[in-house]
Every structure is written in C-alpha cells, then in structure tokens.
Amino acid sequence: MLQETRNKVYIYGIQAMFVVILCGAQGLTTDNMKVIITSVARFTVYFLLINTLNRAITMALSRYQNGKTIKVKIFIECKLYIMMLAASTSMLLYNRERVFDENFIPLSIAYLVIKYPEINQNLEVINYGVGMACSFFEGYLVHVIPNDGHNFFGLENNILVYEGTHTVVFPVKKLLIVVTKSLFCPPDLKHFNKINKDLPYLDDCSPLSKVTKHVAGVRDRVYKNSPYKIIRSGARPVYVIAECATPLHTLKRVLDKTAVYKDEDPTQNLADVLLDKIRELEPNFEDIINKS
C-alpha cells in the first residue's frame, strides 16, 4: 500500500514537471498569465464537477443497492472536491468570467468516451474473488435461504419450525456470514470463544432440518445450517444462525498450500527453501542420499 502511494506521488510529480516545462516553452508573460489562470479555474470547475458527480452517484447507488437511506452525508464525504469546486467558481465570478463556456459539453462527452473502455473491460473480466463469490451465492446460498416454491419453504420457515420444535426464539431469522480478516474459518465457531467466561461465548446446538435438493446431476444433495446460542452471564441465551464464509476457507487453504519464495527478502536462501520442501515431502531424505 505504501509503495502504491509513493508511485502515485512520483507519477503526479512527473506530470507536474511536464506541465511546467510546457509553460516555460510557451513563455509566460503578465499578459497571458491572467488568461491561463482563468482557464485553469474554469477547467478545474469542469473536472471537479464531473468527478464530484461521479463519486456522489457511485456512493448513492452503493447505499441504495445495500438498502441504506441516501443521505446528505454522501456530499459531506466529497467535501474536499466541493470546496475546491466552490473556490474555483468563486474566482471566476469575482473576475466576472463565465463559469461555463462552449468547451464544457465537448469535455463532458470526451470524459464519457475515455471511461467507456474501462467500463467495458470491467464487464468482461471476472477475477478470482468474483468467481468465488458467485460460486458461494449460486452454489450454496440460493439453496439454503430462499423459498424454492417446491419442497423447501426457505430459511426463515426452517427457523420457525426449529423454534416450535425446541421451544427457543431466534431474534434475527437470517443467516449471518462471519467474514474473518485472517481468512481463518474453523469447523466450529466455538473456536473464537475467549478464555474469560465472563464474556459472552458461543455454544453449539442441534442443526436445522436438512435441505435436500437435486443439483447438477447429484440427487438428494444435502445442505444444512448450524444454530448457535450465545451464553450471557445473568441473561437468557440468544440463538443465532451463523457460519463462516466458505470461499474464505477455500482461499486460505490455497494460500497455505502455496510455497512462496520471497526472492526480494535478503534473508531468504533458495537452497534452504528447497531443502525445507524436500524435508516436508520426504523426512528421511538424508538416509536415501547416504544409501545411494
């Protein structure tokens, strides 16, 4: 992350030097300085207006898709851009210059033209993370959460049946997905319990009724969810359906099984790395060598 930030600073500096060289080559004078400053202020307004609108729409769309209310806070998060926009606009108005001229529409169209290849490329590319997320959704969640209109009436109904059978109450009748930052996904969520029993801790329960479906040529494939109860000191337990996100578990297994040689680390010696791998695959490799 730090190197990426440094690279952005370097690139910005190189671009600034290029602009300075161009200005020097054209020969700045007192006469054309005002024209250049006015043009810079006007084009700053154009770019900031386009950028601020883009960021605001992006955040508003994200909140809408996640079922959140679109608030004025969105524009507060863009306050730096809005302040720069206001300053540039004020400068133009103070000097009695037009804020918008005939260049605004062509510039806006040019911006959309430039953005199109980027959007088109993003639509065509599916990365590893997207693929795993789609697999988790289409291969698992759609089979255990919604009502299929046939044999399974949905997770919420399954929870209601469980409540009636075991005389318990789930305050939230949803599946809570635990996303761990370390990617570690234990087989039992009780692994995350703290040693201090004064804190709330998880205890397992019998599973919900299994869901059986015919999927991709496999008949009677079984899916099931595990309830947990949160034990609290001096209060009734809270029942919840929770589990780790299996794509994270898969990703961690892939990373753990990938031998990575850090060639940029001066303390790393490739010969030692290879010996460690040989020792892992064949613990008695010394005997094999000595017998040869």
Given the conditions (1) open to solvent by 70 Å² or more (accessible area, probe 1.4 Å); (2) without any contact (Cβ under 8 Å) to a residue 60 or more places away in the chain; (3) closer than 30 Å to Gly139 by Cα; (4) under 30 Å from the mean Cα position of the chain (by Cα), every one holds for Ile230 apart from (1)
Per the list (1) more than 30 Å from the chain's Cα centre (by Cα); (2) part of a strand (DSSP E or B); (3) surrounded by 12 or more Cβ atoms within 10 Å (Cβ to Cβ), residue check on His214 breaks on (3)
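Those residues that are open to solvent by 60 Å² or more (accessible area, probe 1.4 Å) and part of a loop (DSSP other than H, G, I, E, B), I need them from region 189-206; list them, please. First the steps, then the outcome.
Our first condition is that a residue be open to solvent by 60 Å² or more (accessible area, probe 1.4 Å); within region 189-206, this holds for 190-192, 194-201, 204.
Lys194, Ile195, Asn196, Lys197, Asp198, Leu199, Pro200 - these are the residues of region 189-206 that are open to solvent by 60 Å² or more (accessible area, probe 1.4 Å) and part of a loop (DSSP other than H, G, I, E, B).
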Expected single match for open to solvent by 40 Å² or more (accessible area, probe 1.4 Å) and modelled with pLDDT under 75 among Met33, Met17 is Met33
Flagged pairs (Cβ under 6 angstrom, 6 or more apart or on separate chains; first in region 104-129, of a type in the set (Ser, Thr, Tyr); second at pLDDT 70 or above and surrounded by 10 or more Cβ atoms within 10 Å (Cβ to Cβ)) are Tyr111/Ile50
Picking from Leu208, Leu183, the residue that is closer than 26 Å to Val161 by Cα, at pLDDT below 85 and not polar (S, T, N, Q) would be Leu208
query = Just to be sure, is Val215 touching a residue at least 40 places away in the same chain (Cβ under 8 Å), under 22 Å from Gly154 (Cα atoms) and in contact with a helix residue (DSSP H, G or I) (Cβ under 8 Å, 6 or more places away or on another chain)?
reply = yes
Checked region 104-129 for anything surrounded by 10 or more Cβ atoms within 10 Å (Cβ to Cβ) and modelled with pLDDT of 75 or more; matches are Phe104, Ile105, Leu107, Ser108, Ile109, Ala110, Tyr111, Leu112, Lys115
Across region 233-254, the tally of residues that are surrounded by 12 or more Cβ atoms within 10 Å (Cβ to Cβ), free of Cβ contacts under 8 Å to residues at least 40 places away in the same chain and part of a loop (DSSP other than H, G, I, E, B) stands at 0
Residues in region 136-169 that are open to solvent by 40 Å² or more (accessible area, probe 1.4 Å), in contact (Cβ under 8 Å) with a residue 24 or more places away in the chain and assigned to a loop (DSSP other than H, G, I, E, B) total 4
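The values are calculated or read from the model by the stated rules, or taken from the named source; none is laboratory data. Bear in mind that the values here come from a model prediction, so they are computed numbers and not experimental data. Every residue, glycine as well, gets a Cβ built from its backbone with ideal geometry; the counts of neighbours run over all protein chains shown. These area figures cover heavy atoms from the full protein model, side chains too; ligands, DNA and RNA do not enter into them. Shrake-Rupley method; radii C 1.70, N 1.55, O 1.52, S 1.80 Å.
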